[in-house]
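First comes the structure, then the notes that go with it.
The values are calculated or read from the model by the stated rules, or taken from the named source; none is laboratory data. Note that this is a predicted model, so its numbers are computed, not measured. No Cβ is skipped: glycine too gets one built from the backbone with ideal geometry, and neighbour counts run over all protein chains shown.
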Amino acid sequence: MESIKGGVNVESQFPKKQILNEDGKLADDSYKIRLTEELVKSLYTKMLRARLFDRKGVNLQRQGRIGTYVPFEGQEAAQIGSAMAMGEGDWMFPTYRDHGATLTFGHSVKNVLLYWKGRQEGCIPPAGKNIFPPAVPIASQLLHAAGTAWAEKMKGTDRASIVYFGDGATSEGDFHEGLNFASVFNLPVVFFNQNNGFAISVPIEKQMKAKTIAQKALGYDIEGIRLDGNDVFSVYFHTKAAIDKARAGGGPTLIEAVTWRYGAHTTADDPSKYRDQNESLIRRETTDPLIRLEKYMKLENMWDTQWSADLEKELTAEIEAAVKEMENERPPHVNDMFDHVFAENPWTINDQKEAYALMRGE
Amino acid sequence: MESIKGGVNVESQFPKKQILNEDGKLADDSYKIRLTEELVKSLYTKMLRARLFDRKGVNLQRQGRIGTYVPFEGQEAAQIGSAMAMGEGDWMFPTYRDHGATLTFGHSVKNVLLYWKGRQEGCIPPAGKNIFPPAVPIASQLLHAAGTAWAEKMKGTDRASIVYFGDGATSEGDFHEGLNFASVFNLPVVFFNQNNGFAISVPIEKQMKAKTIAQKALGYDIEGIRLDGNDVFSVYFHTKAAIDKARAGGGPTLIEAVTWRYGAHTTADDPSKYRDQNESLIRRETTDPLIRLEKYMKLENMWDTQWSADLEKELTAEIEAAVKEMENERPPHVNDMFDHVFAENPWTINDQKEAYALMRGE
Amino acid sequence: MTTAVETKKLTLVQAVTDGLRTMMKEHENVIVLGEDVGRNGGVFRATDGLMDEFGEKRIIDTPLAESGIIGTSIGLAMNGFRPVAEMQFLGFIYPAFNQIMTHASRIRARTLGAFTVPMVIRAPFGAGVRAPEIHSDSVEALFTHMPGIKVVVPSNAYDAKGLLIASIEDPDPVLFLEPMRCYRSSKMEVPEGKYTVEIGKGSVLKEGEHVTVLTYGAMVDPVLKAAEQAEKHGIHVEAIDLRTLYPLDKDLIAQSVQKTGRVVIVHEAPSTGGLGDTLVSLINDTSFLYMKAPVERVTGFDTPVPMFALEDHYLPDKARVTSAIHKVINF
Amino acid sequence: MTTAVETKKLTLVQAVTDGLRTMMKEHENVIVLGEDVGRNGGVFRATDGLMDEFGEKRIIDTPLAESGIIGTSIGLAMNGFRPVAEMQFLGFIYPAFNQIMTHASRIRARTLGAFTVPMVIRAPFGAGVRAPEIHSDSVEALFTHMPGIKVVVPSNAYDAKGLLIASIEDPDPVLFLEPMRCYRSSKMEVPEGKYTVEIGKGSVLKEGEHVTVLTYGAMVDPVLKAAEQAEKHGIHVEAIDLRTLYPLDKDLIAQSVQKTGRVVIVHEAPSTGGLGDTLVSLINDTSFLYMKAPVERVTGFDTPVPMFALEDHYLPDKARVTSAIHKVINF
Ligand SMILES: Cc1ncc(C[n+]2csc(CCOP(=O)(O)OP(=O)(O)O)c2C)c(N)n1
Ligand SMILES: Cc1ncc(C[n+]2csc(CCOP(=O)(O)OP(=O)(O)O)c2C)c(N)n1
Ligand SMILES: [Mg+2]
Ligand SMILES: [Mg+2]
C-alpha cells in the first residue's frame, strides 16, 4: 500500500537509470558513440583527482594540518559526472561535501584546502568561475541557484545553474520553495541530489516515506530523473541533457543520483554508532565508481597501466603542490574579519577594529 | 509537455471527485443509502448558518462594529462538509477564513465575532473543544496539526487532527515539512486544502505549475484526493474516509477541495484590482454549494419551504443574539495583555505593568 | 543661485512608489518581487501601477514563500540585479530569517567581497492600524543585531523616497522598514526625480536644550506632540528622528545628548532587547559624564502586540512620552 | 542534620544527558526529538544511550527540518507532552524562527492561557571549537527580545543539570543554550537524581568590591582568569554568571553594581544589540547614581563569526577582559 497511491506505482516511474553497469559493460548501447576515449579518460582523470584530493583531505585532518574535513569518497561519479556536464559561465552551488564537483568545475585546490583550514579565502572561487562557497545551512542554496538562474534568464543568456544537496536536504522547507520557484518561473537550473542514504546518522527511511527522491518532482510538474549515481556515464549524460534542456528554455530538472559515502559524515563523526561500516566495504566491491570505470576502460582497451600510474603521480604532485601553497599562505590578517562586512566599514566596526588594534598594542 | 512527465499524466490520477453534481443529482449513486434526510438537512443547516454568519460578519465590518473581516462565502461546502466529518475530541487548526468550519465544529459564535473585534477572547474555544486560534502566518499550522496528532498517536487514542489551508499556503516551506513529518511518522492528520484559486491577488497558475494540489501527495507517498469542494457530499464522505483511515492507523491524507471565494480576500481587499468579480457572479449560478444542495433536497423531497424559512429565522436569531453578546462583552482589561505572556509574570512585565498603571493614575 | 526643483505632494506610501519608479526608470536591473506586488499593486498599493509601467518581468508576483523570495533575491543580487523584495508585513519576514541571517548579510564577509548582495527588503511594520495578529510586529532590533545588514526607517514621505533610493543604490543589503501608521497620515512636498537621503544620518526634527528625545518611524508623531506639550511647560525638547537604525548616527546623538544631559528614547518594539537598550549603551559609551539623569525608555512592553482592542495600550503615546520627559527633567 | 546526596563527576554535556535521563524516568510525557539524537546520541553525545534506555518512541530522530521539529513540538506540547527539541547547533535554529516567534512564544498570550506550550529547545552554541561556518553563532539576544520565551545558559555541569530540569518543568517555552566550549572543558560533582537551579537567578562566582563583571556561558572562563589576574593588581572583581538571560536577575545585578559602581560586561555575541546593551540599560534603570565609570562591554564584534583561523580574534579573551577591567577602574 505504501508505494501504490491512487492506483499508480509511483516509484516505478523513476527507475534507477544506468548506462554503465557494475561489470563495466554498457547497459545502454545507444551512448556508445558519444563515449570517446577523450571523454572517458577525462572523466576517469577527474574522478581519480577528486579521490586523491579527498584522501589527502582526510589525512591532513588526521595530522592536524587542517580542521574538520568532510569526505566524499564513493560519490565521485555523481560529482564529477555532473560537474563535467556544466559549461563555462554556468553557476555552481555546492554543499560542504562537493569538492569533487567544484574542483572539476575549476575551483582551486589550494582554496578548497584553505576552506578546511578555517580560512575565508576558501570561499573565493578563481576569477570568472561562478562557484558559490559551500552552503552550510542545509538546502538554503537551492534558492540561490534558482535566483542566479533567474538572472541569467532575464539577461537572455543561455547559462544555467546546478545546485548540489543531499537526501537529508529534501526535508527542509527551502528544498520545496526552491523547486517551486524554479518550476513557476521556468528557470534554467538543475537540482542535483546526491542520495547517499544518510543524513549524518539518519537513514533515508527515517527522512521520508517516499521510495525515491525523483518522484518529488511530480509535485512541481517538473522533470524528475533517478539514476545510478555511481555510474559516471549516467550522471554525465543525464545531467548534460538536463542542462541542455535548461539552456533551451525547458526549465528545471530534479536529478536523484543514488550513491553512498564510504566514509564518515565528517572527520568528527563516528559512523560505527549508526551503521555497519563493513557494509560500505562490501558495497564498494560492486559499486565503486572508479573501479567500474576502470573495468569499462579495460574492456574497451582504453586502459594503460603506464598511463594510470603516470596519472596518479601527476595528480598527486598537483595536490601536494597545492597543500604546500595552502601551508605557505600568508597568515590571515585580523582585518579580514572587520573590513568585508560592508563595502565600507560603519563606525561601529571601525571603532571595534581600532580598539582591538590598540589593545593588541598595534 | 507541461503535464506529462516521465510518460505519465499526473493530474489525470487526481480527478475532481464529485458525488453531487451541479444539477443537484447524484454523480455517484453508491452514496445514496448513507444520505439520510437527517444528515442532508444537518449539512444544509450548518452551511446556511455559516453563510448567514459570514454575511453578518461583512455587514458588521461595514458598519464599523468589528474590524477587518475575512469572508468565506462560496466555501461553505468545503468547510462544513469537512468539519462535520470530525469527531468529539479531534483537533482542528483553522486559518482566518475557516469560521464555517470552526462554528460547525463547536466554536462559539460570540467568540468568533470577538476575534474580529480584536479581542483575545476570540482565540479561546469552548471548554473541551480542541480548536486552535486562526493561524495567521501562512502554513505554519500544518505542523501543529501534525504535532497534536502525533501526541494522540503516542497516547494511543483514536483521535485525529484536521488542518485547513489555502492554495497559496502550499508554497511555504512549512507545507512541505508538515506533510513530510506526517508521512514519516504516519500521523493521524487530514491536510484539508481549500483551493479557492487565489492567494489574495495571485492566481494559482502563478503559485504553482502543477495542475493539482492533490498530486503533491506523491512526493510524500501519502494519499492525495482532489474533489469538488462545492459538493458538500463529496467533501463530507471523503473527509470522513480520510479521518477513519487516520483513526485506524492509516496515516495522513492530503485533500484538495476545489472551490472559489465569491467575495474579496478580506474586507480590506479590492478584488476588482486583480479579477473580474462578474465571473464570481456567473460561477455562482452553477457552483453555489447551498443552491446545489437545495436542488438535491427538492429532487429528493427533503425540501420544505416552511422548514427553510423557519431555519433561516432561527439561525438569524442565534447569530443576532451572539452579536449582542459580543457587543455586551465587558471591555478588555489592559492586564490581559500583561498577565498571560508567561504562567507567572517576570519582573520585567510586572514593572512595566505597574509603571503603566501608575501613569494612568491607577 | 537657486535650482528650481519640481515637487509634488505625496503620502509616505506614494513616495515609496515614486522612489521605486524613479530607480526602475533609471536602472534596468532594479526589479521588484513579492506577494501581490504585481496586478494588485501591493496590499498597501506601494507598487501600484508599476506592473503596467514596467511589465511582469520586472514587477514580479511570487509564490507565497518568504524564504523563497529572499533566497532567490540573493541569487539575483549576486548575479547583476538589484532586487527590491517586499515582505507583505514585517511579521511575515520570519520564514525568511535563515536566508537573511546566514546568507544575505554574510555573503560579502564570507567571500571577502568576491560575492555581494545589493538588495533591499521592504516591509510595512508597526502597530496602530487595527491589523490582525502578527501584522503589527516591530522587530527592527533583530536586524540591528545582525552583522552585515543596514536598517532604515523613514517617518515621512521625503525621507522615504530619498532613503529608498539610497538603499537601492547601496552595495549591501538594506532592510527598509515602512511604518504603516505613517503610510497615509500626511502629505508632503517630495521632489520629482532622483535624490538621496544619506543612510546613517538622523535628523533633528526640533531643537531644544533641556532634553533629547530619540525616536523613529511611527513614534515621531507622539514624540512631536509630547514635545509641543512640554514646550508649554517651558521644557525645550530636542527631538531626533534616527532614520537609520544601523549604523546609528552616533555623532548626532552624542552631540545632542551632551548638550541636554537628559534623554528619552521612544520606540514601540518590546522593551528588553529593543533599540532603546542599544541607544542607552551608546550614550553610556559616548556621554557618561554629561548625563544628569538616567535615560528613560518609553517602549512597547515585553509582551506580544495584543490584538487591536488593546493595541492602543501597547503603543507608546503622547501621555507616556510626556510623563517620561517630566521624569528625566525632574530627576 | 545532613542528608547524604550521591554525586558523580560529570562534564557539562554529561550533565545534560543526566538531566534528560532523570526527567524521562520521572515523567512519561518527556520526549526528546531532533536530528541525530537517536541511535547516534547527538553530534555531541548529549543524548547518548537514551534511545537504548527509552526507546525510539521517546527519543526521536526527525527529518532534517528545524521548522518541522519546532512546529510539531508545539503541537506535542499543547497536547500533553513535554518535548525537548534539539537544534543541532544554535546557528541552525533560524529556519524555525517563525515557529518560535509567532507560535511557541505567543500561544499562551494569544489564548489567555487556554493553550500553553511547555517545551524546551536545546542548542549548543558559541565559537572557539573550530567548528565550520554558522555553527558558532551566539544569537541569544534574538530570543531575549522575543516576548514569551525564557533563555537559560549554564556554564558548568551542576547548573546545566539543575537548569535543564527546571526548564523541562517550566510551564512555558525555554531556550536552553549549551556553550560548546564548556561541554567537556571540566568535570564537576553533580548530584544524582532530581534537583533544580531556579530560572531567573544568577550566581556570584567570586565576590569583590571594586568592579562587577557580568557574563555567562563560555565567557565565564576568561572572566575568571581575568579576575584572578586583576587580583594580583589588588583589584577585587565580583564575577557574576547570569545563568538566565531572560528574565535577568535584576536584584543580584543591581546589588553588585551598586556596591562596586563599576561594571564590565562580557559576551561573545556581536556588540550592537547584544545582551550587553540590555544590561547597560538595566544598570541605567536601577543604578544610575551609583556609577563611577561608564560600563565597559567586551563582546564579539559587529561581524559574522569568522572562520576558525580568525575566531580567536573574534572571541573575548582574558586580555580583552583585563583591559576593560583596568579601563573602568582607572576611569
Ligand atoms: C539547517 C541545518 N540544520 C542542520 C545542519 C547540521 N547538518 C550538517 S550536515 C547534516 C546532514 C545532511 O545530510 P544530507 O542532506 O543527506 O547531506 P550529506 O551530508 O549526506 O551529504 C546536518 C543535519 C545544518 N548544516 N543545517
Ligand atoms: C507567512 C505569511 N506570509 C504572508 C501573509 C499575508 N497573507 C495573508 S492571507 C495571504 C494569502 C493566502 O492565500 P491562500 O493560502 O490561498 O488562502 P486564502 O486566503 O485564499 O484562503 C497572504 C499572502 C501571511 N499571513 N503569512
Ligand atoms: Mg546524505
Ligand atoms: Mg486561496
Exercise. For region A:340-362, enumerate the residues that are charged (D, E, K, R), without any contact (Cβ under 8 Å) to a residue 12 or more places away in the chain and within 14 Å of chain C (Cβ to nearest Cβ).
Key: A:E344, A:D351, A:E354
Quiz item: Among B:K216, B:K245, which is the only one that is over 17 Å from B:Y164 (Cα atoms) and either within 16 Å of ligand 4 (Cβ to nearest atom) or within 14 Å of another protein chain (Cβ to nearest Cβ) (or both)?
Solution: B:K245
Exercise. Six or more apart or on different chains, Cβ under 8 Å: which pairs go from a residue in region D:129-141 that's on the phi > 0 side of the Ramachandran plot to one that's within 14 Å of ligand 1 (Cβ to nearest atom)? Could you list them?
Key: D:R130/A:T68; D:I134/A:V136; D:I134/A:P137; D:I134/C:T102; D:I134/D:F89; D:I134/D:G91; D:I134/D:F92
Exercise. From B:D158, B:D167, grab the single residue that is away from ligand 3 (no atom under 16 Å from the Cβ) and either under 19 Å from B:T259 (Cβ atoms) or within 9 Å of chain A (Cβ to nearest Cβ) (or both).
Key: B:D167
Practice problem: Quick one: C:G276 ticks every box in (1) assigned to a helix (DSSP H, G or I); (2) among the small types (G, A, S); (3) over 11 Å from C:L214 (Cα atoms) except a single one, so which number is it? | Solution: (3)
Quiz prompt | region D:35-84 - residue that is of a type outside the set (A, V, I, L, M, F, W, C), touching a residue at least 40 places away in the same chain (Cβ under 8 Å) and more than 23 Å from A:V136 (Cβ to Cβ) and, of those, farthest from the other protein chains (Cβ to nearest Cβ) | solution = D:R82
Self-check item: Filtered residues of region B:313-335 (kept if touching a helix residue (DSSP H, G or I) at 6+ places or on another chain (Cβ under 6 Å) and either within 9 Å of chain D (Cβ to nearest Cβ) or within 24 Å of D:R110 (Cβ to Cβ) (or both))
Solution: B:A322, B:E325, B:M326, B:P332, B:V334
Quiz prompt | Any hit, region D:247-263, residues being among the hydrophobic types (A, V, I, L, M, F, W, C), within 25 Å of C:Y246 (Cβ to Cβ), within 19 Å of the chain's Cα centre (by Cα) and not in a loop (DSSP other than H, G, I, E, B) | solution = no
Quiz item: Of A:E354, A:E362, A:E344, which residue is at pLDDT below 95 and not assigned by TED's automatic domain parsing to the domain that holds A:L114?
Solution: A:E362
Self-check item: Where a residue in region C:149-174 is closer than 25 Å to D:P304 by Cβ and its partner, wherever it lies, is among the β-branched types (V, I, T) and in a helix (DSSP H, G or I), with Cβ under 6 Å and at least six apart
Solution: C:V151/C:T144
Quiz item: Restricting attention to region D:282-297, and to residues there that are touching a Lys or Arg at 6+ places or on another chain (Cβ under 9 Å) and more than 8 Å from every other protein chain (Cβ to nearest Cβ), which single residue is nearest to C:L282 (Cα to Cα)?
Solution: D:E296
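Conditions tested, residue by residue: (1) exposed (fewer than 13 other Cβ atoms within 10 Å of the Cβ); (2) within 30 Å of C:S271 (Cβ to Cβ); (3) in contact (Cβ under 8 Å) with a residue 24 or more places away in the chain.
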| site | (1), (2), (3) |
| --- | --- |
| B:D288 | no, no, yes |
| B:Y296 | no, no, yes |
| B:D304 | no, no, no |
| B:V323 | no, no, yes |
| B:P332 | no, yes, yes |
| B:F338 | no, yes, no |
Practice problem: Could you tell me whether B:A145 is touching a strand residue (DSSP E or B) at 6+ places or on another chain (Cβ under 6 Å) and within 16 Å of ligand 2 (Cβ to nearest atom)? | Solution: yes
Self-check item: Tally, over region A:180-198, of residues that are outside any loop (DSSP other than H, G, I, E, B), more than 9 Å from chain B (Cβ to nearest Cβ) and either touching a His at 6+ places or on another chain (Cβ under 8 Å) or under 23 Å from C:L64 (Cβ atoms) (or both)
Solution: 4
Quiz item: Which ones in region C:173-189 are touching a Leu at 6+ places or on another chain (Cβ under 7 Å) and in a loop (DSSP other than H, G, I, E, B)?
Solution: C:Y183, C:K187
Quiz prompt | Answer residue from region B:148-194, given it is within 26 Å of B:Q75 (Cα to Cα) and either surrounded by fewer than 24 Cβ atoms within 10 Å (Cβ to Cβ) or not assigned by TED's automatic domain parsing to the domain that holds B:V136 (or both) and is nearest to ligand 4 (Cβ to nearest atom) among those | solution = B:D167
Exercise. Output the number of residues of region A:109-139 satisfying the condition of being out of contact with any Leu (no Cβ under 7 Å at 6 or more places or on another chain) and within 22 Å of A:P71 (Cβ to Cβ).
Key: 19
Quiz item: Looking at region C:145-172, which of its residues are within 11 Å of the chain's Cα centre (by Cα) and outside any strand (DSSP E or B)?
Solution: C:V153, C:P154, C:S155, C:N156, C:D159, C:A160, C:L163, C:L164
Quiz prompt | Residue identified as in a loop (DSSP other than H, G, I, E, B) and under 15 Å from the mean Cα position of the chain (by Cα) among C:A127, C:A123, C:A141 | solution = C:A127
Practice problem: Could you please tell me which pairs satisfy a Cβ distance under 6 Å, a separation of 6+ or placement on different chains, a first residue in region C:268-296 that is more than 25 Å from C:S155 (Cβ to Cβ) and aromatic (F, W, Y), and a second residue that is assigned to a helix (DSSP H, G or I) and at pLDDT 95 or above? | Solution: C:Y290/C:Q258
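Here is a yes/no grid of residues against (1) small (G, A, S); (2) within 14 Å of another protein chain (Cβ to nearest Cβ); (3) surrounded by 24 or more Cβ atoms within 10 Å (Cβ to Cβ); (4) touching a helix residue (DSSP H, G or I) at 6+ places or on another chain (Cβ under 9 Å):
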position: C:R184; (1), (2), (3), (4): no, yes, no, yes
position: C:T212; (1), (2), (3), (4): no, no, yes, yes
position: C:E231; (1), (2), (3), (4): no, no, no, no
position: C:L245; (1), (2), (3), (4): no, yes, yes, yes
position: C:L275; (1), (2), (3), (4): no, yes, yes, yes
position: C:V280; (1), (2), (3), (4): no, yes, yes, yes
Exercise. Name every residue in region B:138-155 that is in a helix (DSSP H, G or I) and within 14 Å of chain A (Cβ to nearest Cβ), in order of residue number.
Key: B:L142, B:L143, B:A146
Quiz prompt | Among the candidates A:R284, A:R275, A:R247, residue that is of a type outside the set (F, W, Y) and closer than 29 Å to A:A149 by Cα | solution = A:R247
Quiz item: So, in region B:84-112, of the ones that are in a helix (DSSP H, G or I) and of a type in the set (V, I, T), which residue ends up farthest from the chain's Cα centre (by Cα)?
Solution: B:V109
Quiz item: Is it true that some residue in region C:40-50 is in contact with a Leu (Cβ under 9 Å, 6 or more places away or on another chain) and of a type in the set (S, T, N, Q)?
Solution: yes
Self-check item: Candidate set from region B:89-127 (those that are without any contact (Cβ under 8 Å) to a residue 24 or more places away in the chain and either within 16 Å of ligand 1 (Cβ to nearest atom) or away from chain C (no Cβ under 14 Å) (or both)); member that is surrounded by the fewest Cβ atoms within 10 Å (Cβ to Cβ)
Solution: B:A127
